[in-house]
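Peer 1: Let me begin by handing over the structure; questions about it come next.
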């Protein structure tokens, strides 16, 4: 009753002013706009500092078309069908496969030790495992390749090791994150039965991450394959070597043929990987 | 004759945090079905997890079958834990494993690393698992995945897993809270029968006072980490319940 009389009374007089609300109150609103402004200033400063000629950047597209038409077309497809080159493609595939396999064999224990919830020791093992994974990740695969070529000499072994390091960094981090996201209930239950930590991993953790690990594994191979096409550039085996040689010899039609072959192979690898990951996700 | 005695148990989760248990003491006898009741946040789950040291108490004493629980090293602790079955509110089964594997995992405290890892359980363990599954009424669901079962069935798997441990003590942490009233009563009745058959004492957290009065022979009332009541169910009355929950319960 009281409510209805109140509305009655207010409608008799003039309507109430619309009520206001702002998502960001005064000091925050200032910080937010200030932050956006700072970012813009920083970007323009970098462009000026690095002396990037933006006009040349916009002219680039026309020049790319002309360059490709003049020097890189038509690609010398016969060259990439030669047995020597095909053998190097086969080498590259095997290199990526071995690198991904070895890398993941190392990444599984590193993922375990480097996951905050399941690590055997938060004070010692966890930081060491994180450091190893991060170092493997911090160094680019081409630099690993140069490093291993220097130590081991030219050839596939350096390439496989470079890819192994790359996969440790790549998969180790993803595995650890996956383990950190599990439901800890079964872990508690199995610890309560007196099971060893290894068996707790095998029974309570592994079934929860198996599908995700398989997906990450396939994805790791896919990324390793792309990296494998490049490590050869530094003498670590595979098709990258042919790319480098032909670039140095200015055999541009061969270079474009090789680039086309790399794109085709990466597309195929990506297709296989997407198909396999979809299958695994459905397999429960 | 008491099989478990707890003295002046104190728990804090961090040095500066609040004290969760403020000096709780009690004794459990060989054929007790003990209920721990009390409002949310009273420390019921913490208390029960101290018995098998899933939670480490700051001070106090726990003696189980003559063993000083708090003095054990990690190897001895695992040996102790395998003799204590535990049943959980959320069942804590491994959903992506079969019912059989979940039940067999109760045996992991008794087998070596490799036997567990490659699932090379002995014929005795397997036949034991099958008869335990018969006992809890799940013989038709042996090969199903745990997440295909209903709530009541999952808790029965939890009970079967605990029985695989050949337990000398059962710890139940709100075993019926995720179940409807009818299934809750069935599950409690099953646990009570099994406790009698296997002659196992039971320590059970439960917030449902009616179920506690119906199935348990002794009750501890906790409020805010302090024991407010300890005695046989017959001595419990409405006035004391009101005091424990600081409100009118029944």
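Peer 1: For residue B:180 and residue A:117, what does the FRET efficiency come to when R0 = 35 Å and r is the distance between their Cβ atoms, rounded to the nearest 0.05?
Peer 2: Once the sixth-power term is evaluated, E becomes 0.65.
Peer 1: Please order B:47, A:40 by the number of other Cβ within 10 Å, starting at the fewest.
Peer 2: Sorted ascending by nearby Cβ count, the order is A:40, B:47.
Peer 1: Explain nothing, just the number: relative contact order of chain B, from Cα pairs under 8 Å at least 6 residues apart, as a whole percent.
Peer 2: 28 percent
Peer 1: Please report, in Å, the Rg and the Dmax of the stretch B:94-190, where both are computed over Cα atoms only.
Peer 2: In order Rg, Dmax, the Cα atoms of the stretch B:94-190 give 13.4, 42 Å.
Peer 1: With just the Cα atoms defining each centre, how far is the stretch B:55-108 from the stretch A:213-253? Give it in Å.
Peer 2: After rounding, the separation between the Cα centres reads 51 Å.
Peer 1: The stretch A:77-282: D in µm²/s via Stokes-Einstein (Kirkwood Rh, Cα pairs, 37 °C, 0.692 mPa s)?
Peer 2: The calculation lands on 179 µm²/s.
Peer 1: Specify the angular offset, from 0 to 90 degrees and rounded to the nearest 10, of the alpha carbon long axis of helix B:181-198 from the longest principal axis of the alpha carbons in chain B.
Peer 2: 80 degrees
Peer 1: With labels modelled as points extended 7 Å from the Cα through the Cβ direction, what inter-label distance (nm, one decimal) is found for residue A:61 paired with residue B:196?
Peer 2: The two pseudo-label positions are separated by 8.5 nm.
Peer 1: Using Cα springs under 10 Å in a Gaussian network model of chain A, which residue among A:213, A:61, A:24 shows the largest mean-square fluctuation?
Peer 2: Most flexible of the set in this elastic network: A:24.
Peer 1: What order do you get for B:236, A:104, B:228 when you list them from fewest to most C-beta neighbours inside 10 Å?
Peer 2: Ascending number of Cβ neighbours within 10 Å: B:228, B:236, A:104.
Peer 1: Mind pulling the per residue volume of the convex hull built on the Cα atoms of the protein assembly as shown? Å³ is fine.
Peer 2: Residue-normalised Cα hull volume stands at 293 Å³.
Peer 1: So, one more: Under the classification rounded if a/c is under 1.5, otherwise prolate if a/b is larger than b/c and oblate if not, where does the stretch A:108-155 fall, given a ≥ b ≥ c as square roots of the Cα gyration tensor eigenvalues?
Peer 2: prolate
Peer 1: Counting only DSSP beta bridges with both residues in chain B, tell me the antiparallel percent, nearest 5.
Peer 2: Around 60 percent of the beta bridges assigned by DSSP in chain B are antiparallel ones.
Peer 1: Given R₀ = 51 Å, FRET efficiency for residue A:152-residue A:44 by Cβ-Cβ distance, to 0.05?
Peer 2: After rounding, the FRET efficiency stands at 0.65.
Peer 1: Turning to a different aspect of this structure: Relative to the longest principal axis of the C-alpha atoms of chain A, give the angle of the C-alpha long axis of helix A:156-180, reported between 0 and 90° and rounded to the nearest 10°.
Peer 2: 20 degrees
Peer 1: Averaging sequence separations of C-alpha pairs under 8 Å and six or more residues apart, then dividing by the length of chain A, give the relative contact order as a whole percent.
Peer 2: 23 percent
Peer 1: Which FRET efficiency value, to the nearest 0.05, do you get for residue A:266 and residue A:69 by plugging their Cβ-Cβ distance into 1/(1 + (r/R0)^6) with R0 = 35 Å?
Peer 2: The formula returns an efficiency of 0.90 here.
Peer 1: For B:200, A:36, which order do you get if you count the other beta carbons within 10 Å of each Cβ and list the fewest first?
Peer 2: So the ranking, lowest neighbour count to highest, is A:36, B:200.
Peer 1: I've got another one for you. In degrees from 0 to 90, rounded to the nearest 10, what is the angle of the helix A:26-49 Cα long axis to the longest principal axis of chain A?
Peer 2: That works out to roughly 20 degrees.
Peer 1: Can you pull the Rg over Rh of the stretch B:111-250, Cα-only, Kirkwood?
Peer 2: Answer for the stretch B:111-250: 1.05.
Bear in mind that the values in this text are calculations on the coordinates, not laboratory data. No experiment lies behind these values; they were computed from the predicted model shown. Note that we place each Cβ from the backbone using ideal geometry, even for glycine, and neighbour counts take in every protein chain shown.
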